[in-house]
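The values are calculated or read from the model by the stated rules, or taken from the named source; none is laboratory data. Computed from a prediction, not measured in an experiment: that's the story for all the values here. Note that each Cβ is placed from the backbone with ideal geometry, even for glycine, and that neighbours are counted across all protein chains shown. Just the protein is used for accessible areas: all its heavy atoms, side chains included, with ligands, DNA and RNA removed. Shrake-Rupley method; radii C 1.70, N 1.55, O 1.52, S 1.80 Å.
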Amino acid sequence: MSKTTIPTVIGPEAYTSWRRTSLGTITETIEHRLILDMMGDLAGARVLDAGCGDGVLACVAAERGAEVTGVDPDRAMLAAARSRAAKAGVQATFLEGRVERLPFPDSTFDVVVSVTVLCFVADTRRAVREMARVLRPGGRLVLGELGRWSVWAMLRRVRGWLGAATWKKARFRTAGELRGLAEQAGLSVTAVRSAVYYPPVSLFARALAPFDARFAGLTTFGAAFIALSAVSASERSKT
Ligand SMILES: C[S@@+](CC[C@H](N)C(=O)[O-])C[C@H]1O[C@@H](n2cnc3c(N)ncnc32)[C@H](O)[C@@H]1O
């Protein structure tokens, strides 16, 4: 049984089922494309995936030549991540841990990525400070979160109000709030981008996904996925 404090309603099985749906496949493809683009060239980079879940993004980063470490408090997720890496034939290390207290010395990583994790973390300021601490000078943080003003977030909030334990305490953020967290951690925000403007219905996803980038050019409002990249202050002072 997992010891995570998050109810494991979102366990590895839920993720596997989600990816079997066309809504899941389309949405994850769009989100990962954006996140990987913001992570930049990964060849030889030391990458931390904080809250790695079942390791999909970590394995893609490893396939692109990164030296990847994934951290997650949920042992079932970690087991799924290790099995995924073994099946894919990639090297990646998966460790039990929490983003609020990362088990690494300062300046260990070139890139830290964290996707849909902060919404479950109570002390997000501390979590982002920790991510900034383990970044090397000039390293890059990439965050992806469910956008607060989206139908996706609204439906999860309703499920929380109706008693769904996973969503009861989840907190969704705006682009401005994510920016604030990064800046409070001493990072310099280099980009805020958004994606997934369709509601969580397969039919809409299939019809509207080809136009997603056009909406993204207009506003972050309504986007289900907000992504931010930021660099450490030391790189900023060099440029
Ligand atoms: C919605 S899943 C996202 C997983 C993965 N990042 C992805 O995008 O597929 C949220 C993950 O955050 C992890 N998590 C929750 N609280 C955490 C914490 N305090 N520190 C690190 N990971 C955490 C959960 O165990 C879960 O694997």
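Observations on the model:
- Relative contact order computed over the chain (Cα-Cα under 8 Å; 6+ residues apart), in percent: 20 percent
- Virtual spin-label span in nm between ALA213 and THR25, 7 Å along Cα→Cβ: 2.1 nm
- Equivalent ellipsoid semi-axes, region 12-62, via Cα gyration tensor eigenvalues times 5, rooted, Å: 22, 13, 7
- Between GLU13 and SER202, the FRET efficiency estimated from the beta carbon spacing at R0 = 25 angstrom works out to 0.80.
- Zero-based 5 Å bins, Cα pair distances in region 91-193, whole percents: 3, 12, 21, 23, 17, 13, 8, 3, 1
- Looking at region 12-238, the accessible area is 46 square angstrom per residue; that uses a 1.4 Å probe and ignores ligands, DNA and RNA.
- Per-selection metrics, the chain (Cα): Rg and Dmax in Å: 16.8, 51
- Cβ-derived FRET efficiency at R0 25 Å, ALA191 paired with ASP106, nearest 0.05: 0.50
- Apportionment of accessible area to carbon and sulfur, the chain, percent (1.4 Å): 56 percent
- Tensor-based shape of region 36-130 (alpha-carbon gyration tensor, a/c under 1.5 rounded, otherwise prolate or oblate): oblate
- Nonlocal amide H pairs with THR174, under 5 Å, H built at 1.01 Å: ARG148
- Modelled label reach - THR174, point 7 Å along Cα→Cβ, region 197-220 residues with backbone N closer than 19 Å: 197, 216-220
- With both labels modelled 7 Å from their Cα along Cα-to-Cβ, the TRP161 to ARG64 distance reads 3.9 nm.
- Dipole orientation for the chain: of the candidates PHE211, ALA170, LEU135, ALA170 has the Cα lying most toward the positive pole (charges on Cβ; Lys, Arg +1; Asp, Glu -1).
- Net length gained if the chain between ALA76 and THR93 were fully extended (0.36 nm per residue, minus Cα distance): 4.6 nm
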